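The values are calculated or read from the model by the stated rules, or taken from the named source; none is laboratory data. Quantities reported herein were computed from a predicted structural model and do not represent experimental measurements. All Cβ positions, glycine included, derive from the backbone under ideal geometry; neighbour counts span all protein chains shown.
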Amino acid sequence: MRHFLTLADFSKEEILEILNIARTLKDAVKSKKYSNVLANQTLGMIFEKNSTRTRVSFETGIYQLGGQGIFLSSNDTQLGRGEPIKDTARVLSSMVDLIMMRTHGHERLEEFAKYSKVPVINGLSDDFHPMQLLADYLTMQECGKDKNPIVAYIGDGNNMAHSWLMLASKLGFELRVASPKDYAVSQKIFQSAQEFAKISGAKITLSDNPKEAVINADVVTTDTWASMGQEAEKETRKKAFENYCVDSALMRLAKEDAIFLHCLPAYRGQEVSEEVLESHQSKIWQEAENRLHAQKGVMVWLHQNR
């Protein structure tokens, strides 16, 4: 049985296979054709962190595949009252067919998966957000930006940056990450990506210079400066990231036909300017919709590979 906790657990071929399923399912939906491949299947959705896109896309996705989803917040489960993760995992996995968990520490996901009888999907953890990266790469494919692309990630070395490291190192493209020195990516995760890159041929560079990172890039992407749970650091982070806004001047350093991606929610005037966010280069709405299709691809793939 396979889980979907991080892209590090998947080969290039498996990642592309999942994306191919996602594209097929998306095309079918656009033609008003729905698959019943997960008929009578139930997805348990555990939210220890709030969400808009993750909840709607998973709940809609399982419904479109013929199954149903059950939303469980911390207030709805015994996890919120201190029940051990392994106990909840054993019980819940005996009643549902798939489990999605959106949580804080990545080790919570790992422990849940260890004791689960069914596949567990990472809806977001503090270390990784692999579902978003599948949606991002699906968008790159649709925009013709998947052939030896140069991707520039500008901003916090957070779960999004870590997931870009994993995707680039698995698929073998060039990734440039520019972050303030005090907000760089995890060295442990970077070293892991470098090991994968030796096999795939990926070129990964870290710096604190956004302009150098963006030069001739095919894709420019960023994320909020203060993620959920970091609200107390908001003002400190604003000062540290003041030169990391993706504005029109920065985008002009990328290729003329470069696209802009953002996982949302976006804070205009901080990590990205209003002008860039609303420009023809911005593919964020297409990217947001692709969360639905990418996640359906993962659910179907896990169902087929149990």
Item to check | Inter-residue pairs, beta-carbon under 6 Å, first in the same structural domain as SER51 (by TED's automatic domain parsing) and in a helix (DSSP H, G or I) and in region 102-128, second surrounded by 18 or more Cβ atoms within 10 Å (Cβ to Cβ) and of a type in the set (Gly, Ala, Ser), 6+ apart | outcome: HIS106/SER125; LEU109/SER125; PHE112/ALA89; TYR115/ALA89
Checklist entry - Out of the residues in region 48-70 that are at pLDDT below 95 and not in a helix (DSSP H, G or I), which is nearest to SER94 (Cα to Cα)? => result GLU48
Checklist entry - Out of all the residues in region 215-253, which are more than 20 Å from PRO265 (Cα to Cα) and under 21 Å from the mean Cα position of the chain (by Cα)? => result ALA217, ASP218
Checklist entry - If you take the residues of region 242-281 that are closer than 15 Å to THR224 by Cα and charged (D, E, K, R), which of them is surrounded by the most Cβ atoms within 10 Å (Cβ to Cβ)? => result GLU271
Checklist entry - If you go through region 22-34 one residue at a time, how many are surrounded by 16 or more Cβ atoms within 10 Å (Cβ to Cβ) and small (Gly, Ala, Ser)? => result 1
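Conditions tested, residue by residue: (1) more than 22 Å from TYR244 (Cα to Cα); (2) modelled with pLDDT of 95 or more; (3) surrounded by 21 or more Cβ atoms within 10 Å (Cβ to Cβ).
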residue	(1), (2), (3)
LEU138	yes, yes, yes
LYS147	yes, yes, no
ILE150	no, yes, yes
ILE154	no, yes, yes
GLY157	no, yes, yes
HIS162	no, yes, yes
GLY172	yes, yes, no
ALA178	no, yes, yes
Next on the checklist: Looking at VAL298, VAL220, can you tell me which residue is at pLDDT 95 or above and either farther than 25 Å from ASP127 by Cβ or not assigned by TED's automatic domain parsing to the domain that holds ILE15 (or both)?
Outcome noted: VAL220
Checklist entry - Of the numbered conditions (1) surrounded by 12 or more Cβ atoms within 10 Å (Cβ to Cβ); (2) at pLDDT 95 or above; (3) not β-branched (Val, Ile, Thr), ALA39 satisfies every one except a single condition; which is it? => result (1)
Checklist entry - Residues of region 71-101 being of a type in the set (A, V, I, L, M, F, W, C), part of a helix (DSSP H, G or I), out of contact with any Leu (no Cβ under 9 Å at 6 or more places or on another chain) and farther than 18 Å from PHE4 by Cβ, which ones? => result VAL91
Item to check | In region 191-201, residue nearest to ILE150 (Cα to Cα) [restricted to those that are crowded, with 18+ Cβ neighbours inside 10 Å and in contact with a strand residue (DSSP E or B) (Cβ under 7 Å, 6 or more places away or on another chain)] | outcome: ALA197
